[in-house]
Amino acid sequence: MTSGRQRLVARRRQGLEDDRGTPLRGRGGMVIAAVLALTVAVGVVAFLIGRGVSTPAQQAARARAPAASVLTAPVALTHARTTVVLRGTLTDGGAISVGVPGDLSGDLAVVTGVSTAPGAEVNDGSLIAAVAGRPVFVLRGQIPAYSTMSYGSSGIEVRELQAGLEAAGFSVGFDTAGTYGAGTAAAVADLYQRAGYASVTAPGPAGGSGTKHKTRPQQYATVPLGEVMFTPSLPVTVVSVAHLGQTIASGKPLATLGSGRLSFQAATDLNTASLLRIGATGRATSDLSNGSFAIRLSAKKPGSAPDGGPGSKLTVTPVNPAAAAPYVGQNMALHLRTGQAAGLQWVVPVSAVITNASGASSVIVLHGSRQVSVPVQAGLAFAGSEVVRPLDGGLSTGDEVVIGLSGSG
């Protein structure tokens, strides 16, 4: 019994030791794992903190600007296609003044009729206006009318009158050139009648040779001084004309006719002028009305630039003088298209052009690590680019020009 009880006690003690040993081993493993995880976490946090902490020297190094590098852009050999805007005043190289009739019999020179308007075209036989009820016509002729022309008159002004009447569609019959006869008088009467005015008449030679058979002289149409205006070339356009009811002061014109020789004179620098060829087209625009008309570059001559330096004097003419006639005397903006002349041009970015205190310009060409200064004459700038002309060569297709430095600020 005793030995059996001792064995039972021994077995229970053994079992108790076994039951206690197992939990102790499990708790020890959990502690070790927790210690390891904490160690790793502390290491990670220390690493992250260490990355964000730097010495003053490291901070200064990071704040320092990166080393500067050269920025370049390619040069281009191309047509500099853009629009040049110049200014000029439209003038008439041979404007013709139309006066009032010479004999108004003491009447005031009041405009009683206007038959044309600025910009209108006039030709042989055109009626311009009427003053105190008397008409003023235009005919072609080199010599101004200098006297009243009537039956029996002769001379160059009669010859011009006959030529103008026939150009207007009126036959002078069998009259000798330069002699005012019945045929010329009939043509004059038809001219006045077509315009709605009665012609002034004067007697011709008396009929019959004996006293008993004398007849009343026949009346023939005449041309009073100033009722026909001779102009060297026709057709022409009307530049200005008096308004209805206006009183024409002594020496003032009833109307002004354009000679057709309308033009602008404009000045520009040599480089801009080199981009424009004779025949370059564009438009002239009025600042007053915003009206415009087509223009063409007609001539280029040496002259002064607007700044007083060497330049060119440009002559610009209207494509259609009749359309431009109402603008005579106006200063206008002249928009001329470039890129049609002087062949290909060297073009670089505007930032590549360096101008020194004396006004000399240059660009810097990059050859490998070498920078070479190339003197140029700067010209037209447009759309961020500028036309340059190398003074001694130095530019080639594929060259890169310096336009600045990166990382230098």
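Listed values, structure above:
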read-out	value
Counted charge near ALA325, where neighbours are those whose Cβ lies closer than 13 Å (Asp, Glu -1; Lys, Arg +1)	-1
Virtual spin-label span in nm between SER250 and HIS79, 7 Å along Cα→Cβ	6.1 nm
Measure of compaction for segment 75-182 (Cα Rg per 2.2 N^0.38 Å)	1.67
Extension gain from ALA177 to ALA323, taking 0.36 nm per residue of separation minus the Cα-Cα distance	48.9 nm
Gain in span if fully extended, ILE278 to SER105, counting 0.36 nm per residue against the direct Cα distance	56.9 nm
Segment 231-341: radius of gyration over Cα atoms, expressed as a fraction of 2.2 N^0.38 Å	1.27
Part-to-part distance (alpha-carbon centres) for segment 251-287 and segment 354-409, which is given in Å	35 Å
Coarse-grained scattering of segment 349-409 at q = 0.22, 0.30 Å⁻¹, given as base-10 log I(q)/I(0) from a Debye sum over alpha-carbon atoms	-0.95, -1.42
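Only the coordinates and a few stated rules stand behind these numbers; no lab work does. As the structure is a computational prediction, the values presented were derived from the model and not from experiment. Neighbour counts are summed over all protein chains in view; Cβ atoms, including those assigned to glycine, are modelled from backbone coordinates with ideal geometry.
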